[in-house]
Amino acid sequence: MGASEKSGIAAIVLAAGKGTRMKSDLPKVLHKIAHRPMILHLMDSLAPLEPEQIVTVMGPDMDSVAQAVHPYPTCIQYERLGTGHAVQTAQKELGTFDGDVLILYGDTPFISTATQQAMIAERRQGASIVVLGFTPETPGAYGRLQLDSDGYVEAIIEAADATPEQLALSLCNSGVMCVEAMLLFDLLSQVTNNNAKGEYYLTDIVALARKAGNKTAVVSASETELMGVNSRQELAKAEAVMQDKLRQRAMDHGASMVDPNSVFLSWDTQIGRDVVIGPNVVFGPEVTIGDHVDIRAFCHFEGSVVADGAVVGPYARLRPGANIGPHAHIGNFVEIKKSEIEAGAKVNHLSYIGDAQIGAASNIGAGTITCNYDGFRKHRTEIGSGAFIGSNSALVAPVQIGSRAIIGAGSVVTQDVADGALAVARGAQTELPGWAERFRSSKNTK
Ligand code: UD1
Ligand code: MG
């Protein structure tokens with residue numbers, strides 16, 4: 001589509017439900033799947049269609065939803081009078097839009113771009129309303145799609161209003177529809193709440209459209225694609241589905257996983273080619289891994305960048321701002337926060353590196369700690385290239401250690417160290433010849 005061409009598509013996202021069954025202070029659509037609010041997953045799948053407008057219908061006191069979908073607008077449905085009423089609430093916001101309207105549910109986040117495109121295509125081939133149907137294992141409370149002899153949908157019957165024969169229909173209403181804008185609001189103004197639930201049903205527009213001589217059609221999708229989230233259990237199921245997709249994507253892009261089911265990714269995790277990921281690795285948000293990186297078992301990442309050829313873990317924790325250079329090594333029980341570890345540097349065992357710069361090819365000995373916090377403020381540690389920090393050193397920040405300097409093991413470094421110097425900051429070793437034996441005999445021991 002050219003920049004000046006309009007898609008002729010608008011979307012209305014229904015999100016006014018409180019999500020009572022979530023037992024949460026957070027509106028349901030903001031619960032996260034792979035670290036992203038579920039409503040934004042839905043918007044990600046919409047984006048390739050380049051909608052001219054996306055209007056979210058939310059309940060009162062849901063400013064957090066408005067913030068999450070910003071800059072897209074929201075409108076408030078003050079009383080929850082049904083799906084038809086919810087869609088009507090968005091009419092004002094859509095203004096004079098006269099293209100095709102996709103109606104989506106904020107708590108049904110996995111609908112694919114391809115399915116939405118198929119619905120638009122079907123709409124543009126002459127059906128005024130396209131309903132997205134599916135055949136769930138348990139039709140339960142879903143609305144049933146009643147088809148005519150030609151296979152066109154003639155009505156949607158809500159389960160609460162259905163006869164036993166209608167309940168036996170297996171094709172169900174996902175709730176998602178694509179409707180010509182002008183017709184949509186015209187039909188909605190005719191919908192009444194004269195039904196089992198006393199609600200204004202969006203679904204009633206199908207029978208009304210047929211009565212007025214309009215064509216209708218059904219597009220189908222899988223139950224997984226249309227899975228909704230109403231409870232914590234369903235949220236966990238949705239998370240599992242998303243994790244599986246993300247693992248597949250990472251493997252498609254050239255990462256190997258020894259045990260995919262134990263690797264957890266974030267929606268935005270970027271992983272390069274020829275990366276090997278061991279078992280039990282967790283990626284939080286904003287992590288980028290380069291090519292040829294070896295990630296060993298039990299690592300935890302958040303807000304970090306790992307460059308090509310680095311080796312991380314097992315049991316490493318990279319916190320926000322950890323920036324690991326090419327071919328650097330981060331070993332077991334090492335925690336790194338807001339620090340630059342330059343090319344080829346090694347922090348291999350039992351260290352905390354925070355607010356630091358570690359120069360290229362430096363070696364940080366086992367147990368080294370950057371003492372970055374004085375109880376009030378954070379301070380930086382800067383280490384040049386090719387330096388050697390002896391094991392069990394405490395680097396009391398702010399402090400600078402020059403290139404190629406050597407720090408004796410067990411030092412508590414409180415002053416800057418020049419390039420190429422040796423600094424030892426610990427009690428000097430003394431030796432008293434024969435003292436131990438004299439001590440023993442004074443105690444009458446052998
Ligand atoms: C609806 C459909 C049903 C379909 C099912 C699929 C109607 C009348 N029925 O039923 O055919 O099988 O979804 O899940 O449309 N919402 C609002 N405002 C309202 C009412 C609902 O924003 O006043 C939102 C909810 O937050 C939710 C969605 O619309 O995201 C569906 O509402 P819900 O009450 O779950 O509808 P169902 O009775 O499940
Ligand atoms: Mg429902």
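Computed values, structure above
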{"read-out": "Meets criteria (touching a residue at least 40 places away in the same chain (Cβ under 8 Å), open to solvent by 10 Å² or more (accessible area, probe 1.4 Å), part of a loop (DSSP other than H, G, I, E, B) and away from ligand 2 (no atom under 16 Å from the Cβ)) for Asn193", "value": "yes"}
{"read-out": "Residue count for segment 149-165, restricted to those that are at pLDDT 95 or above and open to solvent by less than 50 Å² (accessible area, probe 1.4 Å)", "value": "7"}
{"read-out": "Residue check for Ser64: open to solvent by less than 40 Å² (accessible area, probe 1.4 Å), away from ligand 1 (no atom under 12 Å from the Cβ) and among the polar types (S, T, N, Q)", "value": "no"}
{"read-out": "Enumeration of residues in segment 27-60 that are farther than 19 Å from Phe110 by Cα and within 14 Å of ligand 1 (Cβ to nearest atom)", "value": "Met58, Gly59, Pro60"}
{"read-out": "Residues (under 16 Å from Ser391 (Cα atoms) and more than 29 Å from the chain's Cα centre (by Cα)) located in segment 352-380", "value": "Ile358, Ser362, Asn363, Ile364, Gly365, Ala366, Gly367, Thr368, Ile369, Thr370, Cys371"}
{"read-out": "Residue in segment 114-127 that is out of contact with any Leu (no Cβ under 6 Å at 6 or more places or on another chain), within 16 Å of ligand 2 (Cβ to nearest atom) and in the same structural domain as Lys18 (by TED's automatic domain parsing) present", "value": "no"}
{"read-out": "Some residue of segment 308-327 being touching a His at 6+ places or on another chain (Cβ under 7 Å), open to solvent by 60 Å² or more (accessible area, probe 1.4 Å) and in a loop (DSSP other than H, G, I, E, B)", "value": "yes"}
{"read-out": "Residue count, segment 69-88 (criterion: more than 16 Å from ligand 2 (Cβ to nearest atom) and surrounded by fewer than 21 Cβ atoms within 10 Å (Cβ to Cβ))", "value": "8"}
{"read-out": "Filter result for Ala221 (within 15 Å of the chain's Cα centre (by Cα) and open to solvent by less than 30 Å² (accessible area, probe 1.4 Å))", "value": "no"}
{"read-out": "Candidate set from segment 127-148 (those that are open to solvent by less than 30 Å² (accessible area, probe 1.4 Å), within 11 Å of ligand 1 (Cβ to nearest atom) and hydrophobic (A, V, I, L, M, F, W, C)); member that is farthest from Tyr105 (Cα to Cα)", "value": "Leu145"}
{"read-out": "Evaluation of Asn214 against (1) out of contact with any Leu (no Cβ under 9 Å at 6 or more places or on another chain); (2) away from ligand 2 (no atom under 15 Å from the Cβ); (3) open to solvent by 30 Å² or more (accessible area, probe 1.4 Å); (4) in the same structural domain as Glu158 (by TED's automatic domain parsing) (one fails), failing number", "value": "(1)"}
{"read-out": "Residue check for Ile111: open to solvent by less than 30 Å² (accessible area, probe 1.4 Å) and within 27 Å of Gly213 (Cβ to Cβ)", "value": "no"}
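The values are calculated or read from the model by the stated rules, or taken from the named source; none is laboratory data. Just so you know, these numbers come straight off a predicted model, no measurement behind them. Cβ coordinates were reconstructed from backbone atoms using ideal geometry, including for glycine residues, and neighbour counts include every protein chain displayed. Areas reflect the complete protein model, heavy atoms only, side chains present, ligands, DNA and RNA absent. Shrake-Rupley method; radii C 1.70, N 1.55, O 1.52, S 1.80 Å.
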